[in-house]
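Notes follow once the structure below has been shown.
The values are calculated or read from the model by the stated rules, or taken from the named source; none is laboratory data. No experiment lies behind these values; they were computed from the predicted model shown. Using ideal geometry, Cβ is built from the backbone for each residue, glycine included, and neighbour counts are taken over all protein chains shown.
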Amino acid sequence: MTRQAFIARLREGLRGLPPQAVADIVADYEAHFTDGEAAGRTEAEVAAALGDPDRLAREIRAESSLNRWREERTASSAAAAVFAVIGLGAIDILVLLPILMGVASAMIAVAVAAIVAFFAGAVVFAAGPFLAPPGGPVAAVLAGIGIMAGSASAGAVLTILSIGLINALVWYGRLHYRLLKPALEPQNAASQG
């Protein structure tokens, strides 16, 4: 692969990242080519030593998404981190995606149930005293408050579990990246030596 083709594929894979970050990354890889050529290597040898530019771009995008999640802790940064981690391991997706889909579905079901329970508690709280419930109006008010408090607690626990799941996925992505990194380093060392 030529220098130009490698850099073009790398740029294409990094599309969506901030332009300055892309420029810095491309400059680093241009420097690898320059150093390799100064050491007497061909562009094809340097490109082979650097590895697949598409995979490098995925790893860089994943690292960027994980950093964004650590800094922002928003829903969009969480989604970006999850998809970046999934994108790192195309083979792992066959195992990880069904598990994630099951866990996400269960969490969404619990969230919907908590919201419905909260509004049901609000109805019991507001309408209970006027409907002559068993135990009297005070029991209805207390039951409504209890239902709303329980559903709010379930929502809080669900939020904590969601953050824990995203952090576990980030940890998995970092572990996956660390496992891949030694396989890439000997090639990089050979290109510099």
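Checking Arg73, Arg61, Arg55 one by one, the residue that is without any contact (Cβ under 8 Å) to a residue 40 or more places away in the chain and of a type in the set (Lys, Arg) is Arg55 and no other.
Determine whether Ser77 is modelled with pLDDT of 75 or more and assigned to a helix (DSSP H, G or I). Spelling it out, it is not the case that Ser77 is modelled with pLDDT of 75 or more and assigned to a helix (DSSP H, G or I).
Remark: Ser191 matches the filter, which requires a residue to be modelled with pLDDT under 95 and not basic (Lys, Arg).
Is it the case that Arg11 is within 20 Å of Asp54 (Cβ to Cβ) and in contact (Cβ under 8 Å) with a residue 40 or more places away in the chain? No. Tell me, which residue of region 1-40 that is touching a Phe, Trp or Tyr at 6+ places or on another chain (Cβ under 9 Å) and of a type outside the set (Phe, Trp, Tyr) is surrounded by the most Cβ atoms within 10 Å (Cβ to Cβ)? It comes out as Leu10.
Applying the set (1) surrounded by fewer than 16 Cβ atoms within 10 Å (Cβ to Cβ); (2) of a type outside the set (Val, Ile, Thr); (3) at pLDDT 95 or above to Leu179 leaves exactly one unmet item: (3). Taking region 2-25 as the range and being in a helix (DSSP H, G or I), within 13 Å of Leu56 (Cβ to Cβ), aliphatic (A, V, I, L, M) and within 23 Å of the chain's Cα centre (by Cα) as the test, the residues that pass are Leu10, Val22, Ile25.
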